[in-house]
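Chemist: One structure coming up, written as structure tokens, with questions to follow.
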Amino acid sequence: MIAVVQRVLSASVTVEKPAYGSSIEQGLLILLGVETTDGEATADWIAGKLARLRIFKDEQDRMNRSVQDTGGEVLLVSQFTLLGNTAKGNRPSFIQAAGPVLGETLYERVALQLRDAHGLNVKTGVFGAMMQVQLVNDGPVTLIVNTPPSG
């Protein structure tokens with residue numbers, strides 16, 4: 001899995017069809033891509049990493065607090081294009097991106113783990129839909145989190 005994590009003051013996602021919208025205030029906007037080799041253990045690992053990632057300021061103005069520590073919210077948005085490989089040519093190859101069944105299953109598992117195992121208020125986009133995402137990046141702080149290679 002790969003996640004692009006942005007510390008935000010606010011973020012929202014909207015979908016035209018079916019009509020849907022969701023938004024958060026201070027917290028994390030997480031764009032999540034699922035790979036063909038990912039499984040439940042991968043989803044559980046990345047959920048824990050995201051929940052505990054210390055990128056919020058503490059009393060000394062250092063990035064030392066997690067979204068759990070701050071009581072922030074999470075907006076989790078699926079984004080298979082994060083797995084686009086551009087090494088050859090100019091058109092990305094998505095061969096490493098999980099298919100829709102596996103992708104949605106593991107995306108939903110990450111959301112569930114963030115909620116149930118880590119006690120976070122999690123809102124989501126609509127898996128597989130064309131979405132418009134808006135955010136106010138705080139900092140800006142943006143990180144890429146990859147799951148460790150299996151082996």
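Chemist: What is the set of long-range amide H partners of Asn121 at a cut-off below 5 Å, with H atoms built 1.01 Å from backbone N?
Modeler: Close amide H contacts, sequence-distant or interchain: Val74.
Chemist: Provide the gained length on full extension for the span Gln132 to Glu16, in nm with one decimal, where the gain is 0.36 nm per separating residue minus the Cα-Cα distance. Could you put the intermediate results ahead of the total?
Modeler: Details: separation 116, 0.36 × 116 = 41.76 nm, distance 0.88 nm.
Contour length minus the Cα-Cα distance gives 40.9 nm.
Chemist: Would you calculate a helix-derived [θ] at 222 nm for the chain, using -39,500 (n - 2.57) for each DSSP H run of n ≥ 4 and dividing by the full residue count, to the nearest 500?
Modeler: -7000 deg cm²/dmol
Chemist: A follow-up question, please. Among the lysines, which have Cα under 19 Å from the Cα of Lys17 when same-chain residues fewer than 8 positions away are ignored?
Modeler: Counting by Cα, and skipping residues close in sequence, Lys17 has these lysines nearby: Lys123.
Chemist: For every other residue with a beta carbon closer than 13 angstrom to the beta carbon of Ala11, add +1 if it is Lys or Arg and -1 if Asp or Glu, then tell me the sum.
Modeler: Within the 13 Å Cβ shell, the charges total -1.
Chemist: Distance between the C-alpha centers of the range 47-82 and the range 1-29? Whole Å please.
Modeler: Distance between centres, Cα-based: 13 Å.
Chemist: Residues with amide H under 5 Å of Ser78's amide H, sequence separation 5 or more or different chain, H placed in the peptide plane at 1.01 Å from N; which?
Modeler: Sorted by chain and number, the residues that satisfy this are Leu32, Gly125.
Chemist: Residue-wise, which Karplus ³J(HN,Hα) couplings in Hz belong to the range 132-144, taking 6.51 cos²θ - 1.76 cosθ + 1.60, θ = phi - 60°, and x for glycine or proline?
Modeler: Running phi through 6.51 cos²θ - 1.76 cosθ + 1.60 with θ = phi - 60° gives 10, 10, 10, 8, 10, 6, 9, x, x, 10, 9, 10, 10 Hz.
Chemist: In percent, what relative contact order does the chain have, based on Cα pairs under 8 Å that are 6 or more apart in sequence?
Modeler: For the chain, the relative contact order is 38 percent.
Chemist: Also, I was wondering about something else. So which trypsin sites (Lys or Arg not before Pro) in the range 42-144 pass both tests, a DSSP loop state and at most 10 other Cβ atoms within 10 Å of the Cβ?
Modeler: For trypsin sites (Lys or Arg not before Pro) across the range 42-144 that sit outside H, G, I, E and B with at most 10 neighbouring Cβ atoms in 10 Å, the list reads Arg62, Lys88.
Chemist: Count the net charge of all other residues whose Cβ sits under 12 Å from the Cβ of Arg115, scoring Lys and Arg as +1 and Asp and Glu as -1.
Modeler: Charge balance in the 12 Å sphere: -1.
Chemist: Given H placed on each backbone N at 1.01 Å, which residues far from Ser10 in sequence or on other chains put an amide H within less than 5 Å of it?
Modeler: Close amide H contacts, sequence-distant or interchain: Val136.
Chemist: A follow-up question, please. Calculate how many DSSP beta bridges within the chain are antiparallel, expressed in % of all such bridges and rounded to the nearest 5. Walk me through the numbers before you get to the answer.
Modeler: Details: 29 of 39 bridges.
That works out to approximately 75 percent antiparallel.
Chemist: Sticking with this structure for a sec: Quick check: pseudo-label points 7 Å beyond the Cα along Cα→Cβ at Asp58 and Thr142, how many nm apart are they?
Modeler: Taking the simple label geometry, Asp58 and Thr142 are separated by 2.8 nm.
Chemist: Less than 19 Å from a label point 7 Å out along the Cα-to-Cβ axis of Thr70: which backbone N atoms in the range 15-39 qualify, by residue?
Modeler: It comes to 23-32, nothing else.
Chemist: Now for a different question. Mind pulling the angle between the C-alpha long axis of helix 100-116 and the longest principal axis of the chain? Nearest 10 degrees, somewhere in 0 to 90.
Modeler: The angle comes out at about 10 degrees.
Chemist: Give me the angle, in degrees from 0 to 90, between the Cα long axis of helix 40-52 and the longest principal axis of the Cα atoms of the chain, rounded to the nearest 10.
Modeler: Tilt relative to the chain: about 30 degrees.
Chemist: Which of Ser78, Ser12 comes first, and how do the rest follow, when ranked by fewest Cβ neighbours within 10 Å?
Modeler: Listed from fewest to most nearby Cβ atoms, that is Ser12, Ser78.
Chemist: A follow-up question, please. Which label belongs to the value computed from this structure, given these candidates for volume of the Cα convex hull per residue in Å³: (i) 112; (ii) 192; (iii) 124?
Modeler: The calculated read-out lines up with (iii).
Rule-based calculations on the coordinates, nothing more; no lab input. Here the structure is a predicted model, which means the values were calculated and not measured. Methodologically, a virtual Cβ is constructed for each residue, glycine included, from the backbone with ideal geometry; neighbour enumeration extends over all protein chains shown.
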